[in-house]
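> I have a structure here, written as structure tokens, and I will follow up with some questions on it.
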Amino acid sequence: MSLDWECKSDRLLLIGTADGGIKAWNVDAKRVVCDLNTSEAFPSVLDIKCSPVEPIFVSALASKGHGSSHLDSLGFATLTVWNMKTWKAMTVLPLGKDPPAITSLSFNHNGKILAAAATDGMIHMFDMSAGLQITGWPAHDSAISSILFGPDETSIFSLGVDGKVLEWSLQNQGQILWSRNCSRFCDPESS
């Protein structure tokens, strides 16, 4: 379901699975060096992102929903911060009551800010040192499939399942700086 490299060495690949597993694969040793299991309440690991500076990673986990499409089969979300030295969960970032599934995560360059995109079209921003949400805004009318900080980190890009790519100002949250409709390249039914 998800992959990310540990940023310090590029020898450790984290793998998140649909059955609640998080595996750390050492590419030099060609073996799994850690095999974590999430809680039964949140069995799907939708995304994993390693901090660019700290030995931590964040997992976006989802409970099981009730529906036939992929997005409808996702339930509620939890964001768990893990310590990569002890391989233990450190904390859970607050998302509110019954939050929709988080589909994509992105750290800024120094790991102080984490962006999270949700199936309800919201973008959430977290201060990692405080472990709190600092802002958020409705970005799309439908689910967001991917999110990424812009190269100069004054903006953030989001890709909706509807095929719309939007660039958002981080100085003026909710202000669109650029947009493109790429829906002709997307099939929302298969997202």
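The values are calculated or read from the model by the stated rules, or taken from the named source; none is laboratory data. Note that this is a predicted model, so its numbers are computed, not measured. Methodologically, a virtual Cβ is constructed for each residue, glycine included, from the backbone with ideal geometry; neighbour enumeration extends over all protein chains shown.
> Are any residues in the stretch 137-178 within 21 Å of Gly111 (Cβ to Cβ) and touching a Phe, Trp or Tyr at 6+ places or on another chain (Cβ under 9 Å), and if so, which ones? I'd like the intermediate steps shown before the answer.
Step one: filter the stretch 137-178 for residues within 21 Å of Gly111 (Cβ to Cβ), giving 146-158, 168, 170-171, 173.
Of everything in the stretch 137-178, those that are within 21 Å of Gly111 (Cβ to Cβ) and touching a Phe, Trp or Tyr at 6+ places or on another chain (Cβ under 9 Å) turn out to be Ser146, Ile147, Leu148, Phe149, Gly150, Ser155, Ile156, Phe157, Ser158, Trp168, Leu170, Gln173.
> Count, please, the residues in the stretch 16-38 that happen to be surrounded by fewer than 17 Cβ atoms within 10 Å (Cβ to Cβ) and touching a residue at least 24 places away in the same chain (Cβ under 8 Å).
5
> Within the stretch 1-31, can you find the residues that are in a loop (DSSP other than H, G, I, E, B) and in contact with a Lys or Arg (Cβ under 9 Å, 6 or more places away or on another chain)?
Within the stretch 1-31, Thr17, Val27, Asp28, Ala29 qualify.
> Something else now. Here are some residues: Val58, Val81, Val33, Val45. Which one is over 15 Å from Met128 (Cβ atoms) and in contact with a Phe, Trp or Tyr (Cβ under 9 Å, 6 or more places away or on another chain)? Explain how you work it out, then say what you get.
Working: Val58 fails: over 15 Å from Met128 (Cβ atoms); Val81 fails: over 15 Å from Met128 (Cβ atoms); Val45 fails: in contact with a Phe, Trp or Tyr (Cβ under 9 Å, 6 or more places away or on another chain).
Of the residues listed, the single one that is over 15 Å from Met128 (Cβ atoms) and in contact with a Phe, Trp or Tyr (Cβ under 9 Å, 6 or more places away or on another chain) is Val33.
> I've got another one for you. Could you tell me whether the stretch 182-189 includes any residue that is crowded, with 16+ Cβ neighbours inside 10 Å and farther than 20 Å from Gly96 by Cβ?
The answer is yes, given that some residue of the stretch 182-189 is crowded, with 16+ Cβ neighbours inside 10 Å and farther than 20 Å from Gly96 by Cβ.
> What residue, among those in the stretch 59-72 that are surrounded by fewer than 18 Cβ atoms within 10 Å (Cβ to Cβ) and not in a loop (DSSP other than H, G, I, E, B), is modelled with the lowest pLDDT?
Filtering the stretch 59-72 for residues that are surrounded by fewer than 18 Cβ atoms within 10 Å (Cβ to Cβ) and not in a loop (DSSP other than H, G, I, E, B), the one modelled with the lowest pLDDT comes out as Lys64.
> Let me ask another. Which of the residues that make up the stretch 114-170 are among the polar types (S, T, N, Q), in a strand (DSSP E or B) and either closer than 25 Å to Gly75 by Cα or touching a residue at least 60 places away in the same chain (Cβ under 8 Å) (or both)?
Scanning the stretch 114-170 gives Gln133, Thr135, Ser145, Ser146, Ser158.
> Something else: What do you reckon, is Thr86 among the polar types (S, T, N, Q) and surrounded by 22 or more Cβ atoms within 10 Å (Cβ to Cβ)?
Working: among the polar types (S, T, N, Q): yes; surrounded by 22 or more Cβ atoms within 10 Å (Cβ to Cβ): no.
So Thr86 does not fit the description; no.
> Are any residues in the stretch 139-163 farther than 15 Å from Gln175 by Cα and hydroxyl-bearing (Ser, Thr, Tyr), and if so, which ones?
Ser142, Ser145, Ser146
> Which one of these is buried (at least 20 other Cβ atoms within 10 Å of the Cβ), within 17 Å of the chain's Cα centre (by Cα) and within 24 Å of Leu36 (Cβ to Cβ): Leu114, Leu159?
Leu114 is the lone residue from the list that is buried (at least 20 other Cβ atoms within 10 Å of the Cβ), within 17 Å of the chain's Cα centre (by Cα) and within 24 Å of Leu36 (Cβ to Cβ).
> A follow-up question, please. Could you list, in sequence order, the residues of the stretch 32-46 that are assigned to a strand (DSSP E or B) and either closer than 19 Å to Asn83 by Cα or more than 17 Å from the chain's Cα centre (by Cα) (or both)? Break it down stepwise before answering.
Taking the stretch 32-46 and keeping what is assigned to a strand (DSSP E or B), we get 32-37, 44-46.
Those that are assigned to a strand (DSSP E or B) and either closer than 19 Å to Asn83 by Cα or more than 17 Å from the chain's Cα centre (by Cα) (or both): Val32, Val33, Cys34, Asp35, Leu36, Asn37, Val45, Leu46.
Conditions tested, residue by residue: (1) at pLDDT 95 or above; (2) β-branched (Val, Ile, Thr).
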{"site": "Lys23", "(1), (2)": "yes, no"}
{"site": "Arg31", "(1), (2)": "yes, no"}
{"site": "Ala41", "(1), (2)": "no, no"}
{"site": "Asp47", "(1), (2)": "yes, no"}
{"site": "Cys50", "(1), (2)": "yes, no"}
{"site": "Ile56", "(1), (2)": "yes, yes"}
{"site": "Leu74", "(1), (2)": "no, no"}
{"site": "Thr86", "(1), (2)": "yes, yes"}
{"site": "Met90", "(1), (2)": "yes, no"}
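> What number of residues within the stretch 73-95 satisfy the criterion of being over 24 Å from Leu148 (Cβ atoms), outside any strand (DSSP E or B) and not aromatic (Phe, Trp, Tyr)?
Number of matching residues: 3.
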